[in-house]
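Worksheet: one structure, shown below.
A short reminder: the numbers here are calculations on the coordinates, not readings from a lab. Here the structure is a predicted model, which is why all the values come from computation and not from measurement.
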Amino acid sequence: MKNGDEILTESADIEAHVLHYFTNIFAANSPLEINYLPDRLIPSLVTLEDNTLLTTLSLAEEIKTVVLNLCGDSAPGPDGYLGHFYHSFWHIIGSDVVKSTQFFFTNNFIMPNLNSNMLILIPKVQGADRLDNFRPIVLANF
């Protein structure tokens, strides 16, 4: 992997370069300003009643039903586990999955790395060796 004229060969250097490159592209550099234009122009499609249902603490049985209905053959997360893992070992891990899901609803906070994704770089050209020669895609975990 090249960074300017420098050739990066160490995994840690390549990781740092990729992180810095995409952070500079996708991170906001200035404070966000509130934009009221969408509120004025886009009608509200979610009623107050619907919003209350969407933000209500999920029950353990509801969470279990959702997890067991998800595709077991979906792409594995950064931990390498497919959906089948959650299906097969629900009796062991189910209470932890329920607790982490309910934690989000009660604290408005997703625990670090719980929502991790895997960045995959697809070469745009033959022999790609610079990050601008790759198209990034993100694989969301189960």
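Straight-distance candidates among the lysines for linking to residue 99, with alpha-carbon spacing under 20 Å and chain neighbours fewer than 8 residues away dropped: 64. For a straight C-alpha distance cut-off of 27 angstrom, the lysines reachable from residue 2 (same-chain residues fewer than eight places away being disregarded) are 124. Candidate values (i) 56, 48, 26; (ii) 70, 52, 17; (iii) 39, 32, 25 were compared with Cα extents along the principal axes in Å computed on the shown model; the agreeing label is (i).
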